[in-house]
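Rule-based calculations on the coordinates, nothing more; no lab input. These numbers come from a predicted model, not from an experiment. Positions of Cβ are generated from backbone atoms using ideal geometry, with glycine treated the same way; all protein chains shown enter the neighbour counts.
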Amino acid sequence: MQASPITVPSGLIDMLRTARSVTVLTGAGISAESGIPTFRDSQTGLWAQYDPHQLATPEAFAHNPKLVMDWYRWRRELVERAAPNPGHYALAQIEQRVDRFTLITQNVDGLHTQAGSRRVVELHGNIHRLRCSSARCAYTVDHWPDEETPHCPQCGALLRPDVVWFGEMIPPGALQAALNASRNCQVFLSIGTSGVVEPAASLPYEALRAGASVIEINPQPTPLSIFAKYYFSQPAGQVLPEITRAVWDEV
C-alpha cells in the first residue's frame, strides 16, 4: 500500500525554523515501527500464557527471579534484533539543529541513542542495563552476565533489569528533567504515545500551560489531539523525515 502524501504546513515550518527550544516525548509507537512489539503485544510463544502485569513487578521478581529474568532476556533479544527507523534518525537530526533540545522517552530499547540522539531522558529505564535490586546499592552494569540470576559484585544482592516496573516510581532525577524540559520549551512533540500512561501523559499539558505549541504524531487520535496545534495520523517514520526536510533542507 502506498503511503499517503504528507504536507507540512507553512506555519509548522516557520515555528520549528525559529524555535530555540524543542522537547520531544516518544512512546511505544515509534519503536513498533522498528519491529519491536508493544509491551502488551509481545506475549507470544512460550510467554503467551503470562500476563505482563504478573511479570513486570517487584513482587514477581521476589517470588521467581529466574522467570522474570528469562522473560526480560527474551525481550532484550527482541530489542537487539531491531534497528532505529527513519523517525529515530530524524529526531537525532533535529537535535543538531536546535539550541536546546530534550528527548524524553517511555521506551527502554535504547534506539534513540543508537540513532545518534544525545540529550535523552529515559523515563522507564533501559533494558540493556542491569542494576542491583538492593535499594542501598547504586551498582549498575551495561551488559548482561551469562548467569541466569546474576548477583551484584558489590553487595551480593540479585541484579535486575534497570527498568521501571508496575508499582514503582519513575526515578526522581529523570522525572524532574522531563518536567523541566516540558515547562521550558517553545515546541513540544508528542510521538507514538497513547497519552494515558502517567506521569508521561501530563508532560505535553505542562508544555501547553507554559505557552508551548504542541505537535502530535500518532496513528490514532488521543486525548491530547484536540489541544495539538498540528496533528499527523501517519507513522513517525514517514512524518518526521518530511518535517526535517521541509524545515531545514529547503532553506
Which of the chymotrypsin sites (Phe, Trp or Tyr not before Pro) found in the stretch 159-236 are in a DSSP loop and have at most 16 neighbouring Cβ atoms, other than their own, within 10 Å?
Phe166
How large is the dipole of the stretch 168-246 about the Cα centre if only Lys and Arg carry +1 and Asp and Glu carry -1, each at its Cβ, rounded to the nearest 20 debye?
240
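Which whole-number percent is the relative contact order of the chain (Cα, under 8 Å, 6+ apart)? All intermediate terms of the calculation are to be shown ahead of the outcome.
Values: 417 pairs, mean separation 61.6, N = 251.
For the chain, the relative contact order is 25 percent.
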Correct response: the longest run of the chain lacking exposed trypsin sites (Lys or Arg not before Pro), defined by DSSP loop and at most 16 other Cβ within 10 Å, is 137-228
Using Cβ counts within 10 Å as a stand-in for footprinting exposure, how do Cys152, Cys132, Cys137, Cys185 rank, fewest first?
Cys137, Cys152, Cys132, Cys185
Please order Ser133, Ser202 by the number of other Cβ within 10 Å, starting at the fewest.
Ser202, Ser133
When Ile217, Ile13, Ile36 are ordered from fewest to most other Cβ atoms inside 10 Å of their Cβ, what list results?
Ile13, Ile36, Ile217
Among the DSSP beta bridges whose two residues both lie in the chain, what percent are antiparallel, rounded to the nearest 5?
25
Above 23 Å lies some portion of the pair distances; for the stretch 133-230, what is it as a whole percent of all C-alpha pairs?
45
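Helix-derived [θ] at 222 nm for the chain: sum -39500 (n - 2.57) over DSSP H runs of at least 4, divide by residue count, nearest 500?
-9500 deg cm²/dmol
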In terms of the charge dipole of the chain, which places +1 on Lys and Arg and -1 on Asp and Glu at the beta carbon, the residue among Gln238, Trp74, Val121 farthest towards the positive end is Val121
